[in-house]
1. Within segment 157-206, take every residue that is in a helix (DSSP H, G or I) and among the aromatic types (Phe, Trp, Tyr) and give me the one that is surrounded by the most Cβ atoms within 10 Å (Cβ to Cβ).
2. Does segment 64-84 contain at least one residue that is among the charged types (D, E, K, R), modelled with pLDDT under 95, surrounded by fewer than 20 Cβ atoms within 10 Å (Cβ to Cβ) and within 24 Å of Ala35 (Cα to Cα)?
3. For Glu153, only one of the following conditions fails: (1) over 22 Å from Gly65 (Cβ atoms); (2) under 13 Å from the mean Cα position of the chain (by Cα). What is its number?
4. Suppose we filter segment 86-114 for residues that are buried (at least 21 other Cβ atoms within 10 Å of the Cβ), without any contact (Cβ under 8 Å) to a residue 60 or more places away in the chain and among the small types (Gly, Ala, Ser); how many remain?
5. I'd like to know if segment 99-112 contains one or more residues that are part of a strand (DSSP E or B), among the hydrophobic types (A, V, I, L, M, F, W, C) and more than 27 Å from Thr185 (Cα to Cα).
6. Looking for whichever is at pLDDT below 90, surrounded by 12 or more Cβ atoms within 10 Å (Cβ to Cβ) and at negative phi here; the options are Arg9, Arg17, Arg60, Arg46. Which one fits?
7. Do you know which residues across segment 33-45 are in contact with a helix residue (DSSP H, G or I) (Cβ under 9 Å, 6 or more places away or on another chain) and assigned to a loop (DSSP other than H, G, I, E, B)?
8. Could you give me the residue pairs with C-beta distances under 6 Å whose first residue belongs to segment 181-201 and is over 19 Å from Asp129 (Cα atoms), whose second residue is loosely packed, with under 13 Cβ neighbours inside 10 Å wherever it lies, and which are 6+ apart or on separate chains?
Amino acid sequence: MASTMNSKRVVPPSEKRIDNHAQSYPPLDYSFHNAQHLEDAVVEPRMLSNGPKLLKEGDRYHSYGINLNHNALHGPLETFPEFVRSILVNPNALSTLDLSFNVFTEIPSVVTQFSALKCFYFHKNMVSDMTEVQKLAPLKQLKYLTLHGNPIEITVPFLRSYALCLLPGLRSLNCTPVTKGDRKTSEVWGGMNKNLLPRYTNKNLK
């Protein structure tokens, strides 16, 4: 009797899983255009001569990441969701977004439309209001966040504890792994500063 072989399901490229920073496809790179508006930055994505090639399907790309760093972007970025839908084969799978080194004074609320976002790089911007971080609370899959180099890094000495109270699922904040000590400190800080936190976080604090 012939032995039975375990058949393995072939996973389509667009369904390949992203774990932490590992990606099946390279990110779309629109950095270093000095663009003030999204439309000025999103020309053809940059490709490294010795890097992995971008895989295209029709007019859209197989990718899970978008780099818009080192531009001069600002404001609510209202056209970003439409852009993502037009450029990615699977826009709902966007997991990495780099908006670092721009001139944002606020975190664009539109980023929360992408619930699969795991990595959000927002360092070296111009955010001075710590409550802007609250906008990221709906992103339950968010694991990696950078905020350093914003004015709030200097004006809010308790920023790490504040961010961890709002985003308890983070594994890394400002390129530094989140430790058990960090979580304990944020829990104690949150319990003593409930007035600085939105109501929905207070039920998790003693």
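1. It comes out as Tyr162.
2. No - not one qualifying residue is present in segment 64-84.
3. (2)
4. Going through segment 86-114 one residue at a time, the tally reaches 1.
5. Checked against the condition, which is being part of a strand (DSSP E or B), among the hydrophobic types (A, V, I, L, M, F, W, C) and more than 27 Å from Thr185 (Cα to Cα), segment 99-112 yields no hits at all.
6. Arg46
7. Passing the criteria: His33, Asn34, Ala35, Val42, Pro45.
8. Close Cβ pairs (under 6 Å, with a partner that is loosely packed, with under 13 Cβ neighbours inside 10 Å) amount to Gly191/Lys206.
The values are calculated or read from the model by the stated rules, or taken from the named source; none is laboratory data. The structure presented is a predicted model; accordingly, all values stated were derived computationally and were not measured. Glycine also receives a Cβ, built like all others from the backbone with ideal geometry; neighbour counts cover every protein chain displayed. The accessibility values were calculated without ligands, DNA or RNA, using every heavy atom of the protein model including side chains. Shrake-Rupley method; radii C 1.70, N 1.55, O 1.52, S 1.80 Å.
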